[in-house]
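The values are calculated or read from the model by the stated rules, or taken from the named source; none is laboratory data. Only a predicted model underlies this, so the values are computations on that prediction, with no experimental measurement involved. Quick reminder, even Gly has a Cβ in these numbers, built from the backbone with ideal geometry, and neighbours come from all protein chains shown. Keep in mind that these areas ignore ligands, DNA and RNA; they rest on the heavy atoms of the full protein, side chains included. Shrake-Rupley method; radii C 1.70, N 1.55, O 1.52, S 1.80 Å.
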Amino acid sequence: MPEILVLSEDTIDKIAAGEVVECPLNVVKELVENSMDAGACAITVEIKNGGIDFIRVTDDGEGIPAGQVKTAFFRHATSKIRNMQDLNHLSSMGFRGEALSSIAAVAQVELVTCTAGSLTGTRYEIEGVAEKAFEQVGAPKGTTILVRNLFFNVPVRRKFLKQPPTEAGYVAEVMEQLAMSRPDISFKYVQNGQVKFYTSGNGELKEVIYRIYGREITEHLLPIDVTEGDIQIRGFLGKPELNRSNRGFEHYFLNSRYLKSKILSRAIEDGYKQYVMQHKFPFVVLHFAMPAQAVDVNVHPSKMEVRFAQEQTVYQTVVKAIIERLRSKEFIVDHSFGKEETAPKSTPADRVPAHSPEPFMRSVQTPVTKNTLEFELDFDQSADEEEGANAVAEASIAETYGEKNKKTSQEEIPDKASAPVLPDLGIENIEQETLFTPEFLTEKSRESYEIIGQIFKTYWIIAYSDRIYMIDQHAAHEKVKYERLVKAMREKKVSTQMLMPPQVVHVNAREEQALTQHLDAFEALGFELEDFGEHAYVIRGVPVDLYGCSYQQLFEEVLDELSRGPVQGNFEVVRDKLASMACKSAVKGNMSMSRQELEALIDELLSLENPYFCPHGRPVIISMTKQEIEKKFKRIV
């Protein structure tokens, strides 16, 4: 057996650095979070060659006193916590004390810092673990950190880095996330000498989204502001048409910390499930706030993972908030022949705020002063006029649909010491949203429908107001069938037929636990089960109407879903199965349907809370304006 030896400090530092620093984006994230903790009002990040050769982070924060500069680069040196108990009420982004030491272990680092009131600043160079320089210099208040030649002394890690454009893309993405996490901080991001984006730091979350994603997406956002117990949710939900084939548009933050969470992702997607097609994911920017003791952020050195003390509560609160918010809108897809030009994603250099902190220059001797950042978002005047003119329409929706779920305004959110209150994100009052079309699916508008007829034995055309509406008969009938199944299940009116002879099924330990815990879900579906011992159950009764689905298949699919995750409620785990059953029994395309049958179908649609999308997320109704048609015929230009 080889001799057991204690590793050298240099080796230990490089191994430990691998947990914190894997690529340039980790360096940028750690340094920017340090700037945020330092009370910075403006942060500038510049990278070259994907951040592999050069990273510079400049802020106007508190700075580091000269006597503590070297200490800051020691492993587990931090100003954020003092003991283990402090982890129970963290309010800072960082707390582990590993970032600077890890970065310095694998790169050439230069730091220039100056505190308020100091006549001079401090310049410190460290390469690997070796100090290169420590001197007094003239510098503005704040801190600038330069990181050069990442992994210069760990070639095995450097060769596994991606190509510079790919690494730069990762850095840009994390910068966008950081900007959305703190709209009250001005961020400026420069890549290879070109300003990619900036934010003003005026606290307007919508302005940040606009700067990153442009006007087209910003115009399709719904504000949300909900407080339930100790959980606060504020931000914006994208309308269902803003969906993508991956989760890249799901942005959520906990106590202003950017993170990834399977619980939150699943809750968001389940909230949108009736509005977005399968394998599509919504656009959201959501800020969550909850007491520090209710969440554990000390899971991984990257601080990107968290654990919730009450996963079920968090999941159900998020799903409920999203569903109720989306139900308050009429989502008829507006079809047009062309798209208007949208604001560019990149930001011209001449539009950068004048007070972004500039990188430290040796010739600079005079401290800069902190100024209030001002910015006026240049949305079209026409959009502003529409928003004001249609405020009354939103109240009409609430009256028509009997909306009871009034959202809590910012002034009504209790300021609890144990639960962080989200900062002002600049979310306008929900009751003053725009509504660009008259409500189509209401009892009043139903009297004015002009049913034109059916085309392709699949779609029905209806004229109303200055629009034409097209209804997909299969999607509409599927939705109605689905809602009938849901209602029968919730009211426990599903009929059961007895099996002769009863069927015995065997389950494993995990499935048995799920079956025991959620037995009422099977009973609501129409199953009658009995424990047979030794991991076996007897199926004595099954649902009467399975719409072509075998009871064995339905039982197994529901059990698999129940065993997959602990957070979904009893009804949500079988919703997909109900949707499949409704799809199989609904009238299909290419099938003739009488006018009387359509009118009966419309009447049922009017009674639904969400008649706009089928259970699989496909639109039931689309519309087209008279103006768009006249444009196509060149009647107007």
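Some observations on this one:
- Members of Lys280/Lys584; Lys481/Lys588; Lys48/Lys188; Lys239/Lys481 lying beyond 19 Å, as alpha-carbon distances in this model show: Lys280/Lys584; Lys239/Lys481
- Rounded FRET efficiency, nearest 0.05, which uses the C-beta distance separating Lys162 from Phe74 and R0 of 41 Å: 0.85
- Positive contributions from Lys and Arg (+1) and negative ones from Asp and Glu (-1), summed over other residues with Cβ under 12 Å from the Cβ of Lys492, come out at 0.
- In sequence order, segment 274-287 has phi-based couplings of 7, 10, 10, 5, 4, 6, 10, 10, x, 9, 9, 10, 10, 10 Hz under the Karplus curve 6.51 cos²θ - 1.76 cosθ + 1.60, θ = phi - 60°, and Gly or Pro positions carry x.
- The protection proxy used here, the mean number of other Cβ atoms lying within 10 Å of each residue, ranks peptides 453-459, 54-60, 321-327, 482-488 as follows, highest first: 54-60, 321-327, 482-488, 453-459.
- Ordered by solvent-accessible area of protein heavy atoms (1.4 Å probe), largest first, the residues His474, His251, His506 come out as His506, His474, His251.
- Annotation: segment 119-172 has a Kirkwood hydrodynamic radius of 13.9 angstrom, from the mean reciprocal C-alpha pair distance.
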